[in-house]
Structures are given as structure tokens and as C-alpha cells.
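I have placed the structure first, in the form of C-alpha cells, so that the comments after it can refer back to it.
The values are calculated or read from the model by the stated rules, or taken from the named source; none is laboratory data. Small disclaimer: the values here were computed from a predicted structure and weren't measured. Glycine also receives a Cβ, built like all others from the backbone with ideal geometry; neighbour counts cover every protein chain displayed.
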Amino acid sequence: MIKLYEKGAYVLNGTEIIDEQTAAEDMLSSKLGEVCTKEEAVQNTLAYDILKAHNTSGNMEKLKIKFDKLTSHDITFVGIIQTARASGLEKFPVPYVLTNCHNSLCAVGGTINEDDHMFGLACAKKYGGVYVPPHQAVIHQFAREMLAGAGKMILGSDSHTRHGALGTMAVGEGGPEIVKQLLSRTYDINRPEVVGVYLTGAPRKGVGPQDIALAIIGAVFANGYVNNKVMEFIGDGIRNLSMDYRIGIDVMTTETTCLSSIWITDDTVKEFYEIHNRAEEYEELKPKKVAYYDGMVYVDLSEIKPMIAMPFHPSNVYTIDELNANLSDILEEVEKKALVSLGNDKIKYTLRDKIKNGKLYVEQGVIAGCAGGGFENICDAADILNGKYIGADEFSLSVYPASQPIFMELVRNGTVAKLMETGATIRTAFCGPCFGAGDVPSNNSLSIRHTTRNFPNREGSKITSGQIASVALMDAKSIAATAANKGYLTSAEYMDVEYMKPKYFFDGKIYENRVYDGTGRPDPAAEIKFGPGIVDWPAMASLTDDMVLKVVSVIHDPVTTTDELIPSGETSSYRSNPLGLAEFTLSRKDPAYVGRAKEVQKAEKARIAGEDIYSANTEIKEVFDKINARFRADAKSTEIGSVIYAVKPGDGSAREQAASCQKVLGGLANIAREYATKRYRSNLINWGMLPFLYKEELPFENGDYIFVKDIKKAVRDKISEIKAYVVNKDMKEFTLQLGELTEDEREIIEKGCLINYYRDKNKTASEY
């Protein structure tokens, strides 16, 4: 089904794969009739060409990328623009789209969600941006329809910013990276490795894009095969995939932890741009005659069957047939894995009670968002359900078209009427089901969803309130097949159905009539509207010579998601209020964290204010007494803060708040064995937090104090190994690693955060 090459691979003429383990230069030369070195072949991928075209450094090993377009949604754009404004923003230098697809319902907190929307509209006017009102489109669908272009690059403040199937290399990052682009700075990374994904064959009937995506995720997530790399899709199988199908696979590449994705383009892509009245954005993209890939994922599409990703990760995959044949055993294993993710003895979690008459019964189905809400997915689901009904028991089905143009065409061609006749309900374009703000199921329920993630609480339940429900990811086809059987898990492969595949007609009048487009037309006189929930970032101190850290949380889970660092659904309305949002930090994983962090922060606040540090926190005097028995450290000039340890933090969302909330509470560092994604590590750095690495057995425990000596010198002088001491354990010495940092990143950490960095830059510039 899926084969991973142990080393790299050469691809000749886009079709012939030669495993690097068996290839030699003379062999390649004989096939090509010319000499080709590995160094030359590396430069012949699609990814290399696009990165080179957007690189401003002149050095392809150390990239400084400027993106063509930017996107954000209403959970992220307020904080981004506030940061940029504090850093000297005057206008948006490139097209910047502000969509309103996360806090669309305005159901919590009175006016605060709509206040954020009005803030976004006002900023689009003032700085020259694009404002997409609520319910018009989910962020990534609008980008597909109106922004993508072959050979272009898009940066978005949402982790599922993926438009590779349209020939656009897109990257999802935390808000500070958007800020850098808004201030005409660059996205600085080492040139990423490129992994080929060779698709061959054609999908069998009943298999949808989510099935292919889940199979790939299951093969590459746990082993980190594509971590922080670019996935480049090639192969003869691509011609057998419709545009919606390709998009459905592509958007899920985020769950592999890759950096970005790119696909070859062909007449199918050309037709997509023509349908959306943007034919000029098409360009044929294909690798050169011989291209080298740092790895190869070989996928025979014809061998993949309908899949299901069981709670609580998209990589926890089985075929639906396998699950149905081994229900009790697999559900028991999933329950054991769930205990690691949930980490809460008070919650009784079970799935085996879903077995009824030897079959798995689920209570809810959802087809939604950037992954599931496409035109073809919904039409296929309607064909499966045509003439059937979902029943009058617990099972329910809801469908969210990804944009108003898609919704309108589904109305015009009768698909909406077909679905409504079955008992399904149709909603507007909204991302809520993907992060726990829509269709929250009942306690102990199991929901099957064609959405992006199934982490704990992604369906909206709250473990700290004694609630637990869970999500399994599936394709829209098999969700519809399950709905046709009134909630009993069913593979779409066994449904007797004729897929009608109606043609899609895009009507752009909806956007013309409702979307504000001020690109290139900033109005400096426009007044920004601030609701009472929109709060500025608190002041943040710069790095001191030495540092004292109290360990306030230790997480031993194999992976810690950003949802666990800062919850999604119930916090979404507080994303414009840094202080209010910070109260939720680690609330699902370690509810005592906020209180512990605040106690430590009292000492730092007193230090900055010039007050008595020891009165603010009585532990600190004893800590400094122990430190000064060996070193000289003045409490008045030593930064005091908190630190968390996690084995592998940062999987999942790009949300910067996973880091900024720690900083708001006085967090100064993370210690990890490794970081799950580049974007989480970047968020730490941009908020002035040190991304320490430590791979040995821990020398400290929760509650211990750590003294880090000469940290400022280490950052400034590029010293990668830093001596640290566990104060509570007789100053036991251990060594922390910092990892590679760019010059700008070092200065950002030294200044205390990105805002301080730009403020100082602007101040210095004004003095000349």
C-alpha cells in the first residue's frame, strides 16, 4: 500500500524511481546520456525552484523568504495586527486576507467576537487588506478560490495553510511570522529537505481523499519521516485524481508534521483556475529531467481501503474493515492509548460500550471545513444517502460547505435538498467542528468527522468538568455510508451507488458583493475600532545575564499538542485578550500550572518595579542564598520566571498563544527532548522564550528551581551548550542545548520578544 524508502531517491523524467541505495552516478549518467551529480539533482525539484524564486538571501542553504500573500482568521488576526502595530506597522506590504471563520457564531462573551470582526474590517481599510465577513468561507477555501497561484508562496497563521495541490507552496506558522512579513522582514529557515510522494494507480470505488491522507499520515507521523520537510507529490496516479480529491489529500499533510507541500500541475489544475476566473494563475509545474529527493513515499492508490483514525490522533489509523473485524480488541487498545492522552484518572473513558449487535455504533457524523466541506465530497455523500434517511435515534449528521459559492451551487443542483430529506442539517462555512466550537456531542459520545484533527477535546467536551467525548476521522463517503445505516460504522466501499459527479460552477458575485478588498489602497485616516475585549500585550522584560527558573509543570506524554498547551474551543473568544486567555494555559493537562506560574511571576514583577523581591515571593531568598554560596547573582538584576518540561511539545495548531500565554504568565523557557514542529519552536523564540533541549534523564522535578548562568552571553556568542544548576539539589550541574538560532532570533530572545525587537529597531532608526 505505502512504501518508505530508507534513503533518498532519484526520479527520472517524473516517472522512474531509482533508490539511492542502489543508484550510482555512472548508472544515472548512462540512463540520461549525460553527467548528473546529486548536488545538481537536488536543485531540480519543484520545491527548490519555488524557494529559490522567493529567497532574498542569495544563499540557498540559509533562506530568507518573502511570501506573495498572507492569510489569517479571527482567532489570530487581532493579536497579529496588535503586535505589528506595536512594532511600527504602516500598511500591509502584500495582499493580506482576514477571514472570519472561527469565531463566526458570536455565541460566547457577548459582543467580543463581533468586536474582533469589526476590528478586522477597520484594519483592512486602514492598512489595505482584504476582509471576508463571517459565514462566507473558511480560510483555506477562500485562499484556494481567490489567492492561490502556481509557483506562488502563501504564509498563513493557521497550521492547515496548504495549497500545494494548486501549485502553491503554503506554510502555516504562528502569528509572529506573519508580523515579520507585515513589517517587510523575512521568514528565515535552513533549506528544508524535500521528500517525494509518488502516487500511482487509481483509488477504488468508495475511497475518498481522507482515506488516502490518513493512510499516508499513519505511515510517516510516528517515525518523523517528513518532519519539517516539504512533501512533493509526483507520479502517474495524480492524473486519476480530481482537483477536490487532490486538495483533500493535500490539506491533511499538516498532520504529518511536514513544513509544506507542493504538487505537479496539469490540465486539471488549469481547469480549476479557469473555473474560478483566474486562468492567469496557472503554470505547468513538474520536476526537471532528473530530481533528487531526500526520501520517497511510494503510494499505490488502488490498494488503499476506507480508513478510520481512532481517538486521539490522526495517525492512529486502521482500515474500517480491520476495525469492524476486530472491534473489541482494537477498541480496548485505543482505550489504553487514550489514557496517555487524557491523563486524568477522574475520567472513565470507554469505547467498547459502542458495540451493539456486534457492530460499532456512533452518535454523530460531521462533514466540514477545509478538509471535508468541498463540493465533490458533499455531492458524493448525497449520492450515497439518496433515497435513504439517517433515522430518529441518537445519530445525527451535519454538513458544512466550505464556502458560500460552494453552498450556492449545492443549492442550485439539488444536493442540499437531497441531504435535508435524509435528516441531515446544512450549516454555513464555519471551522468550529475542527476545534471544538460546533456540533459538540453528548458526554461519552463518539463522533465520526471528515475534518482535520481528533485530539482530545477537539469536539468541544471539557475534561476538567468531567466530560469526555471523542472523534474518529473518516472520509465523507464512509460517513455517509454510516449515516445510511443509521449510525452503524460502514465502509463506503460496500455501498451500491452511482456517483453523479456534477460539474461545478463558481459564482464570484457573492464575494464581489460582500468581501472588502482594500489591497494596495490603505487609508491612514481610517479609525480602528476597539471592542472592550481587545487588550494590548503587557510589557515584557529583556534577557538578563543570568536566569532563575522554577519548574512549574513536567509532562511525560510522548507528544504534547498545542491544544493541551492552550485549549481551543472554549478559549476562542479570549484570543484578543492576552491576560484573559492566559488563565486557560495547560488547563486540560495541568490545571495547577497557572497558579504556580503566577506565584513565581510575583518576584519578577517586583524586580521590574524595583520593589522588595523577597517579600513578593518568600521562596526566592532561599534560592538566591543557595546560588550565592557558589556563584555571585544579584536578585535585582537576574530575571526570574517559570519553565515547563515536555518530551515533545507543539504538535498540531500553529497558534502562537501556546507560547505567548506562558510568557504572559512569566514563562521564560521550555525544556524538551525535541520540538514537534518548527512553528511551535518559532513561537517560543518570537515571544522571547528559550527553546532548551535536554535528552537525558531529568535531573530536576516539578517545583525545583534552576539557575542558568551566563545565558545572555551564550545567546549572544552562539554558545550552544549552557551550564545549568538544580538549586534544590545542591546545585547539581547539567547541560542544556539551545539548538541553531539565526542572528535575528538571538536578538529577539535578548530583547525579550518580537515587539521589543522591532520597537528598538524603529527607535534606533529614528535617531539617525
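Just a few scattered comments:
- At least 1 residues being of a type outside the set (Lys, Arg) and touching an Asp or Glu at 6+ places or on another chain (Cβ under 7 Å) is the threshold, and among the strands (runs of 3 or more DSSP E) wholly inside segment 295-392 those reaching it are 307-309, 364-367.
- Some residue of segment 263-285 being closer than 30 Å to VAL340 by Cα and not acidic (Asp, Glu): no
- Of the residues making up segment 525-568, not one is assigned to a loop (DSSP other than H, G, I, E, B), within 19 Å of ALA597 (Cβ to Cβ), among the hydroxyl-bearing types (Ser, Thr, Tyr) and in contact with a Phe, Trp or Tyr (Cβ under 7 Å, 6 or more places away or on another chain).
- Positions within segment 734-763 being of a type in the set (Asp, Glu) and either surrounded by 14 or more Cβ atoms within 10 Å (Cβ to Cβ) or in a loop (DSSP other than H, G, I, E, B) (or both), in sequence order: GLU740, ASP744, GLU745, GLU747, GLU750, ASP760
- Residue match in segment 171-188 (condition: over 26 Å from SER682 (Cα atoms) and either in contact with a strand residue (DSSP E or B) (Cβ under 7 Å, 6 or more places away or on another chain) or in a helix (DSSP H, G or I) (or both)): no
- The condition of being part of a loop (DSSP other than H, G, I, E, B) and either crowded, with 24+ Cβ neighbours inside 10 Å or among the hydrophobic types (A, V, I, L, M, F, W, C) (or both) holds for only one of PRO401, PRO405, that being PRO401.
- Here is the figure for segment 76-96: residues that are of a type in the set (Gly, Ala, Ser) and under 21 Å from the mean Cα position of the chain (by Cα) total 1.
- Filtered residues of segment 670-729 (kept if of a type in the set (D, E, K, R) and out of contact with any Lys or Arg (no Cβ under 8 Å at 6 or more places or on another chain)): LYS678, ARG679, ARG681, GLU696, GLU697, GLU701, LYS712, LYS713, ASP717, GLU721, LYS729
- Whichever residue in segment 104-142 is in a loop (DSSP other than H, G, I, E, B) and in contact with a Lys or Arg (Cβ under 8 Å, 6 or more places away or on another chain) and, among such residues, is farthest from ILE534 (Cα to Cα): GLN136
- Candidates are the residues of segment 560-584 that are surrounded by fewer than 22 Cβ atoms within 10 Å (Cβ to Cβ) and hydrophobic (A, V, I, L, M, F, W, C); the one that is nearest to ILE80 (Cα to Cα) is LEU579.
- Here segment 348-368 is the region considered, the condition is being in contact with a helix residue (DSSP H, G or I) (Cβ under 6 Å, 6 or more places away or on another chain) and aliphatic (A, V, I, L, M), and the residue that is surrounded by the fewest Cβ atoms within 10 Å (Cβ to Cβ) is ILE355.
- Flag for ALA382 being aliphatic (A, V, I, L, M) and either on the phi > 0 side of the Ramachandran plot or over 25 Å from the mean Cα position of the chain (by Cα) (or both): yes
- Going through (1) hydroxyl-bearing (Ser, Thr, Tyr); (2) under 30 Å from THR111 (Cα atoms); (3) surrounded by fewer than 24 Cβ atoms within 10 Å (Cβ to Cβ) one by one, THR618 falls short only on (2).
- Check on VAL647, of a type in the set (A, V, I, L, M), in contact with a Phe, Trp or Tyr (Cβ under 8 Å, 6 or more places away or on another chain) and at pLDDT 90 or above: no
- Looking across segment 719-738, the residues that are closer than 30 Å to PRO176 by Cα and either touching an Asp or Glu at 6+ places or on another chain (Cβ under 9 Å) or touching a residue at least 40 places away in the same chain (Cβ under 8 Å) (or both) come down to ILE719, SER720, ILE722, LYS723, ALA724, THR735, LEU736, GLN737, LEU738.
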